[in-house]
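Student: First the structure, then my questions, so here it is.
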Amino acid sequence: MNFEFGRVALVVLFALLPIVGIALGFFVPALRARGPLFVAFFAGIIPILSLYIPRQFLSGETGMRPRLDQWLIIVYGFALLLGIVNVIQNGTRKIARREKGWPYSAVLMTGLFITGGLGIWGAVSGQGITTLPDGSGTPFKWIADHFFLPLQATIFALLAFFMASAAFRAFRARNTEATILLAAGILVMAGRVPLLEFLAAPFPPLQPAAAGASQGLGKLTEWIMQTPNGAAQSGIIIGAALGAASMAIRVILGIERGYLGLGGGE
Amino acid sequence: MTPMPDIGTWVAALLTLFALSFLYKDNPLFRFTESMFAGVSLGYYVGTTLNQTLVPNLIKPLTHDFNQNWDLLVPGLLGLLLYMRYVPKTGWVARYALGIYVAYYIGLDFTRRIHGEVLPQLGRAIVPLSKLDSHTIFYSLVFAVGVFSVLIYFFFSKEQDAVTRRIARVGTWFLMVSFGAAFGFTVMGRVALLIGRLNFLILDWIYPLIGIR
Amino acid sequence: MAGFVDKLLNLDRRWLFLLVFIGVAVPIILPIGLPVTTTGSTRSAFEYIEALKPGDYVIISFDYGPSSAPENDPMAEGIMRQCFLKRIRVVILALYQLGGLQLASNSIAKVSAEFPNLKYGEDYVNLGYKDGAAAVMKRMGDDIVGAFPADVRGTPLAQIPMMKGLRSLRQVSVVVTVATGLIGEYWITQAHQQSGVPVIVGPTAVGAPKYYAYLNAGQLVGMLGGMKGAAEYEKLLAARYPELGRFYRSTRAFTATKGMDAQTVIHFIIILFILIGNVAFMSRRAAQKKAAAR
């Protein structure tokens, strides 16, 4: 058995401590909140400290941080599937009680069980979910290519129509700010495509002039994107990052506990 | 003679048309497609996570080389512990797993935000303005004014006075340029998707159907 | 006049939808072949890869799904073709849950078929999809096998010849993240910042405005913004490699360059929509002001 320091330390922190905490929690209800916050503190602080303390026990090959990364890839997988339990609960309830729109729930559940079932079959049989050794696709891949792909692409493609309609109905030069927004939008839309060449296409003598103007417009668009847009984006990034970083500190220190269903903190 | 579209193409084409039918009005075919989309997407989650993460990173290491990987039992159990939230009365035990999961990722996020966002972005905003040539004015100066006015606009901790209000107003202009540009880009992205769908319908389904190569 | 303006402003939106539909469909059926101009950020991405040597490692991370495939597929495939022509070793992976794996597998199947002389496992490898992008990148910073113990079909990395020379992100010449959403940002703000690996990003047009900030700050070696960026890349490839020029001109399959025709027509239509909408809005406001003054 491999008893490198990193593994053993992680097992103590994230297995033994929780086991003790859970056992005690059955008798001391106050520990049901404090225990998880205490353990979470270590999980949050390890990736941060490892940048400051480049020592073997923390960030070395056999240290805690690399192994913790590996662990949390696995936990993430479980967490991702968490919501599906909810969907199945809601769906079966709707169907059992014949609530309004239940046939659509049945369609949803059918899609979920067939696709998910083929995925599980891929794992159990060892076939996987992409291609077989002979180059042919698995049944899961067939569903992914012919159901999942066109559905996702088309549902999002609908937005193109709604954006066009919004451009017509809501994009108005009502005041200074809206006018700036509109002008920037139009300039960028015109400058990112060969619009002037397209308009000049029926008039060959105008084409060289259109190509020249189009180049200029393209340069202006790049300036807008890099300088005013880049500056605004930098400002947004700095502001949002400081907010997220302070939120991270609140979570790690256990001040923010809403995510554990413990009320919103102070 | 071009080959006729196969059954997969037919399925994809019909689903595409069903989804587009929403543009005319909401209808049962669209609702069917929407529900199918939700179901298949969730099933897709199950298939990929199981085959690409849980099997290679958890199950195979445990079954093939337990001595080297015994500690992976813990993340496996923590993962299962997350599901205890659905068990009435003992749901609180899931908090241990959730706490570890959220705190770890937020800890990583903290390093990324400070090291990868705040520091480089502030570094870029602090630029020498000693030479007053056109490049300095149109790139460096405009940029610096933009970043700091936007930051002042976002500074909510103190009530704004006459001066900061004016600077914040400049900040909103920069934001409007950015949002306008983002609108232009968003149109481009959404249209790209539609191009992809119509390209499929026309070239992969209709053309073979009517015998055009 | 007022009646016409009101009618115009209250036009059933399905007429607008129909115009958009026609605007996209017609250029697909009757291509125009409009020219594409290149921008600095795309050129620097192209030249960066162009300067790599045979045997160097490039990671192409499929961080997008079908919801942006028409923009992102041509980028990923263009860069893959360039690497294959230069005999740069390509490591494919996917960190976007909703479809990244599928698009990665489809793209590599398509492009590798164009290069029958290249061998899987020696010239390119598909590591498949992994959950937890931030943790995966962190782990890859010191040991790729810790995050990806096996390739997409479950073959252990130790058995894949080209992976013997590649231990961590630090040995990778560049990561190309073809991205929708946050994962592209993780590559820049976490992986690049903490392990130093250079990053090229191919964002969707929706994401591109934000990436200009990272480009400005020198955190990126290049960027291909949306379908336009992909079309620029195709142009650069076609100019440098005659065989790719022939390929892009003759292929029946979708290319970003072809897509730009429809993009242009639609941009024209939407700009018209905005202008007509505003003229109608202003004339109605003027009429209302006049009526109020009376």
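The values are calculated or read from the model by the stated rules, or taken from the named source; none is laboratory data. Quick caveat, the model's predicted, so the values are computed rather than measured. Positions of Cβ are backbone-derived with ideal geometry, glycine not excepted, and every protein chain shown enters the neighbour counts.
Student: Taking the range C:35-76 as the region of interest, how many residues are surrounded by fewer than 24 Cβ atoms within 10 Å (Cβ to Cβ), within 14 Å of chain B (Cβ to nearest Cβ) and not aliphatic (A, V, I, L, M)?
Tutor: Total satisfying the criteria: 2.
Student: Among the residues of the range A:230-248, is there at least one that is over 28 Å from C:GLY218 (Cβ atoms), surrounded by fewer than 21 Cβ atoms within 10 Å (Cβ to Cβ) and more than 7 Å from chain B (Cβ to nearest Cβ)? Walk me through how you get there before you give the answer.
Tutor: We begin by selecting, within the range A:230-248, every residue over 28 Å from C:GLY218 (Cβ atoms); these are none.
Within the range A:230-248 (the criterion being over 28 Å from C:GLY218 (Cβ atoms), surrounded by fewer than 21 Cβ atoms within 10 Å (Cβ to Cβ) and more than 7 Å from chain B (Cβ to nearest Cβ)), the answer is no, since none of the residues qualifies.
Student: Criterion first (modelled with pLDDT under 95 and either under 30 Å from C:VAL91 (Cβ atoms) or assigned by TED's automatic domain parsing to the domain that holds C:LEU127 (or both)) does C:THR38 satisfy it?
Tutor: yes
Student: Let me ask another. How about the range C:61-166: which helices (runs of 4 or more DSSP H) wholly inside it have at least 3 residues that are assigned by TED's automatic domain parsing to the domain that holds C:VAL206, farther than 30 Å from C:VAL24 by Cα and charged (D, E, K, R)? First the steps, then the outcome.
Tutor: Values: elements: C:69-85, C:100-113, C:133-142, C:144-147.
The qualifying helices (runs of 4 or more DSSP H) are C:133-142.
Student: Follow-up question, since we're still on this one. If I filter the range C:225-252 down to residues being in a loop (DSSP other than H, G, I, E, B) and without any contact (Cβ under 8 Å) to a residue 60 or more places away in the chain, which single residue comes out as surrounded by the fewest Cβ atoms within 10 Å (Cβ to Cβ)?
Tutor: So in the range C:225-252, the residues in a loop (DSSP other than H, G, I, E, B) come out as C:225, C:241, C:251-252.
Right, trim to without any contact (Cβ under 8 Å) to a residue 60 or more places away in the chain and you get C:251-252.
Numbers: C:THR251: 11, C:ARG252: 9.
Within the range C:225-252, the match that is surrounded by the fewest Cβ atoms within 10 Å (Cβ to Cβ) is C:ARG252.
Student: Condition (residue is among the aromatic types (Phe, Trp, Tyr) and more than 30 Å from A:ILE88 (Cα to Cα)) applied to the range B:77-84: is it met by at least one residue?
Tutor: Within the range B:77-84, the first condition is being among the aromatic types (Phe, Trp, Tyr), and the residues that meet it are B:83.
When the remaining residues are screened for being more than 30 Å from A:ILE88 (Cα to Cα), the result is none.
Scanning the range B:77-84 turns up no residue that is among the aromatic types (Phe, Trp, Tyr) and more than 30 Å from A:ILE88 (Cα to Cα).
Student: Restricting the range A:164-182 to residues that are of a type in the set (A, V, I, L, M) and at the interface with another protein chain (Cβ under 7 Å from one of its Cβ atoms), which is surrounded by the fewest Cβ atoms within 10 Å (Cβ to Cβ)?
Tutor: Let us first name the residues in the range A:164-182 that are of a type in the set (A, V, I, L, M), namely A:164, A:166-167, A:170, A:173, A:178, A:180-182.
Imposing the further condition that a residue be at the interface with another protein chain (Cβ under 7 Å from one of its Cβ atoms) reduces the set to A:164, A:167, A:173, A:180-182.
Working: A:ALA164: 26, A:ALA167: 24, A:ALA173: 17, A:ILE180: 20, A:LEU181: 24, A:LEU182: 21.
Residue satisfying both the conditions and the ranking: A:ALA173.
Student: Would you check which residues across the range A:215-254 are closer than 21 Å to C:SER41 by Cβ and not in a helix (DSSP H, G or I) and list them? Explain how you work it out, then say what you get.
Tutor: Quick first cut of the range A:215-254, residues closer than 21 Å to C:SER41 by Cβ only: A:215-237.
Hit for the range A:215-254 is A:THR227, nothing else.
Student: If you take the residues in the range C:184-198 that are crowded, with 24+ Cβ neighbours inside 10 Å and aliphatic (A, V, I, L, M), which one is nearest to the other protein chains (Cβ to nearest Cβ)?
Tutor: Here the answer is C:ILE188.
Student: I'd like the full set of residues that are crowded, with 16+ Cβ neighbours inside 10 Å, more than 7 Å from chain A (Cβ to nearest Cβ) and closer than 25 Å to C:ARG13 by Cα, limited to the range B:4-16.
Tutor: B:ALA13
Student: Starting from the range A:110-134, keep only residues that are at the interface with chain B (Cβ under 7 Å from one of its Cβ atoms) and without any contact (Cβ under 8 Å) to a residue 60 or more places away in the chain, then list their pairs with residues that are surrounded by 15 or more Cβ atoms within 10 Å (Cβ to Cβ) and of a type in the set (Phe, Trp, Tyr) whose Cβ atoms are within a distance under 6 Å, requiring at least 6 positions of separation or different chains.
Tutor: A:THR115/B:TYR44; A:LEU118/A:PHE140; A:GLY119/A:PHE140; A:GLY122/A:PHE140; A:ILE129/A:PHE140
Student: With the condition kept exactly as written, say whether any residue in the range A:198-208 is more than 7 Å from every other protein chain (Cβ to nearest Cβ), under 19 Å from B:PHE143 (Cβ atoms) and without any contact (Cβ under 8 Å) to a residue 24 or more places away in the chain.
Tutor: No; the residues of the range A:198-208 include none that is more than 7 Å from every other protein chain (Cβ to nearest Cβ), under 19 Å from B:PHE143 (Cβ atoms) and without any contact (Cβ under 8 Å) to a residue 24 or more places away in the chain.
Student: Please pick out the residue among A:PHE14, A:PHE27 that is under 31 Å from the mean Cα position of the chain (by Cα), aromatic (Phe, Trp, Tyr) and either surrounded by fewer than 14 Cβ atoms within 10 Å (Cβ to Cβ) or within 7 Å of chain B (Cβ to nearest Cβ) (or both).
Tutor: Numbers: A:PHE27 fails: under 31 Å from the mean Cα position of the chain (by Cα).
None of the other options fit; the residue is A:PHE14.
Student: How many residues are under 32 Å from the mean Cα position of the chain (by Cα) and either part of a helix (DSSP H, G or I) or crowded, with 22+ Cβ neighbours inside 10 Å (or both) when one looks only at the range B:110-165?
Tutor: Of the residues in the range B:110-165, 30 are under 32 Å from the mean Cα position of the chain (by Cα) and either part of a helix (DSSP H, G or I) or crowded, with 22+ Cβ neighbours inside 10 Å (or both).
Student: Just the residues that are surrounded by fewer than 19 Cβ atoms within 10 Å (Cβ to Cβ) and either within 7 Å of chain A (Cβ to nearest Cβ) or within 21 Å of C:ALA133 (Cβ to Cβ) (or both), please, taken from the range B:24-58.
Tutor: Step one: list which residues in the range B:24-58 are surrounded by fewer than 19 Cβ atoms within 10 Å (Cβ to Cβ), which gives B:24-29, B:31-32.
B:ARG31, B:PHE32 - these are the residues of the range B:24-58 that are surrounded by fewer than 19 Cβ atoms within 10 Å (Cβ to Cβ) and either within 7 Å of chain A (Cβ to nearest Cβ) or within 21 Å of C:ALA133 (Cβ to Cβ) (or both).
Student: Would you mind stating whether A:ARG192 is closer than 30 Å to B:MET84 by Cβ and outside the structural domain of A:ILE48 (by TED's automatic domain parsing)?
Tutor: Working: closer than 30 Å to B:MET84 by Cβ: no; outside the structural domain of A:ILE48 (by TED's automatic domain parsing): yes.
No: the conditions fail for A:ARG192.
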